[in-house]
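S.K.: Structure below; questions to follow.
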Amino acid sequence: MPIFKIHHVTRYDYDRPVKESINEIRIYPYPCAEQEMLEHDLAITGQPDILTFNDYWNNKTGLFNVMPLHKELVIESKLLIRTTLPSQLRINFHAGWDDLVQEVKRDMILVELSKQDFIKSQKKIKEVVDLMMQNSRSVPAAVEFCNEYIYKYFKYIKGITNIETTVDEILHHKSGVCQDFAHLMLQILRTAGIPARYVSGYICPNKNGMRGEGATHAWVEVYLPGYGWAGIDPTNNVWVTNNHIKLAVGRNFNDCSPVKGAFKGPARQKLSIYVSVGYEDGHVFEELNNVQMEAIPSDPQEEVLVDPRFAVQQQQQQQQ
């Protein structure tokens, strides 16, 4: 059972003072049997009180407000966590479709997570689903086929997609990063009637050279009959075991954004995200991303300006 030390810093710098920065954060470890939080220290500019609650998807969520004028906002998370999954999952690869249908009927959350979104290119998705069903005799086999299909036929390229990239555009580009691949896989699996949810967190096996290593990452969890939720990572074509740290789950990234918020003030901002992952042997992998942001049109006489931080935080995932 490996132990990881994760240091995650989200930093906003403003070109003039802002105030009343209201934020919602999901940077707490997701409560589940697959991981055990040993320590978690959270430091925020101005040391505001944080109201915490569990949201609709059971993600631990924090709310805070930095009221005074400030020219920077830093959210620093230091996490010590142990993963408890075995290196090999005990999945029944003969689990059938009839069993899945019966289990979904008994759970409205599973019904909700089985419904695909409306997209223009649904015909292309259906073609992948037909191919998947032709080559898969069980639910886990279908999931594996989908995972491998994305890994083989979609290139991992940073910068070709952006925070507003749709599944239609991913199909056109045939490339993207972890967030794109997760959204594409969700659409395919849900079209086949398989409940699936988006997962945000970290991936920690940099010694194995996986893509997205040592930084914020995204993957998918599928509901398998007789087993429950199992993670699978289309960016790396692997089932999730003990090298992924889970922060939040939801229908898509919008439910899992690490930080989103708004402030008052006609300011332009810069965003940087630093993540380091420390291993038990002392090895540390670290990465710093300076996120490109559009300039905010501002009038020095205007007091209130909505910060597009929600979209910016999607960029955290897009960088991986």
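S.K.: With more than 30 Å from Glu169 (Cα to Cα) and loosely packed, with under 12 Cβ neighbours inside 10 Å as the only criterion, which of Gln102, Gln134 stands out?
M.R.: Values: Gln134 fails: more than 30 Å from Glu169 (Cα to Cα).
Every option except Gln102 fails the conditions.
S.K.: Then there's this: Search the range 1-53 for residues being hydroxyl-bearing (Ser, Thr, Tyr) and touching a residue at least 40 places away in the same chain (Cβ under 8 Å), and hand back the single one that is surrounded by the fewest Cβ atoms within 10 Å (Cβ to Cβ). Show your work before the answer.
M.R.: Residues of the range 1-53 that are hydroxyl-bearing (Ser, Thr, Tyr), as a first pass: 10, 12, 14, 21, 28, 30, 45, 52.
Going one step further and asking which of them are touching a residue at least 40 places away in the same chain (Cβ under 8 Å), we end up with 10, 12, 14, 21, 28, 30.
Details: Thr10: 26, Tyr12: 27, Tyr14: 21, Ser21: 25, Tyr28: 19, Tyr30: 21.
Selected residue: Tyr28.
S.K.: Identify, by number, the condition in (1) surrounded by fewer than 13 Cβ atoms within 10 Å (Cβ to Cβ); (2) touching a helix residue (DSSP H, G or I) at 6+ places or on another chain (Cβ under 8 Å) that Trp97 doesn't meet.
M.R.: (1)
S.K.: For the range 110-121, does any single residue satisfy the condition of being small (Gly, Ala, Ser), in contact (Cβ under 8 Å) with a residue 60 or more places away in the chain and either in a helix (DSSP H, G or I) or surrounded by 12 or more Cβ atoms within 10 Å (Cβ to Cβ) (or both)?
M.R.: Keep residues of the range 110-121 that are small (Gly, Ala, Ser), which gives 114, 121.
This time we only want the ones that are in contact (Cβ under 8 Å) with a residue 60 or more places away in the chain, so: 114.
With the extra rule that they be either in a helix (DSSP H, G or I) or surrounded by 12 or more Cβ atoms within 10 Å (Cβ to Cβ) (or both), the set shrinks to 114.
The answer is yes; a qualifying residue exists.
S.K.: In the range 218-238, which residues are touching a strand residue (DSSP E or B) at 6+ places or on another chain (Cβ under 8 Å) and within 18 Å of Tyr30 (Cβ to Cβ)? Quick ask: steps written out before the conclusion?
M.R.: Restricting attention to the range 218-238, the residues satisfying the condition of being touching a strand residue (DSSP E or B) at 6+ places or on another chain (Cβ under 8 Å) are 218-224, 229-236, 238.
Scanning the range 218-238 gives Ala218, Trp219, Val220, Glu221, Val222, Tyr223, Trp229, Ala230, Gly231, Ile232, Asp233.
S.K.: Let me ask you something else. So which strands (runs of 3 or more DSSP E) stay within the range 31-108 end to end and still have 2 or more residues that are among the β-branched types (Val, Ile, Thr)? Can you show your working first?
M.R.: Values: elements: 35-44, 51-54, 60-66, 70-83.
Passing ranges, in order: 60-66, 70-83.
S.K.: Can you name the number of the only condition in (1) surrounded by 15 or more Cβ atoms within 10 Å (Cβ to Cβ); (2) closer than 19 Å to Asn237 by Cβ; (3) at pLDDT 95 or above that Glu148 fails?
M.R.: Only one criterion is unmet by Glu148, namely (1).
S.K.: Is there a residue being more than 27 Å from Leu100 (Cα to Cα), in a helix (DSSP H, G or I) and out of contact with any helix residue (DSSP H, G or I) (no Cβ under 9 Å at 6 or more places or on another chain) anywhere in the range 172-191?
M.R.: yes
S.K.: Another question about this same structure. Could you give me the residue pairs with C-beta distances under 9 Å whose first residue belongs to the range 177-197 and is surrounded by fewer than 24 Cβ atoms within 10 Å (Cβ to Cβ), whose second residue is of a type in the set (Lys, Arg) and in a helix (DSSP H, G or I) wherever it lies, and which are 6+ apart or on separate chains?
M.R.: Thr191/Lys126
S.K.: Which pairs turn up if I take residues in the range 261-281 that are under 27 Å from Met1 (Cβ atoms) and look for partners that are small (Gly, Ala, Ser) and not in a strand (DSSP E or B) with beta carbon separation below 6 Å, at least 6 apart in sequence or on another chain?
M.R.: Correct list of pairs: Val275/Ala215; Val277/Gly214.
The values are calculated or read from the model by the stated rules, or taken from the named source; none is laboratory data. Just so it is clear, the structure is predicted and the values come from calculations on it, not from any experiment. Counting neighbours? That spans all protein chains shown, and the Cβs are built from the backbone with ideal geometry, glycine included.
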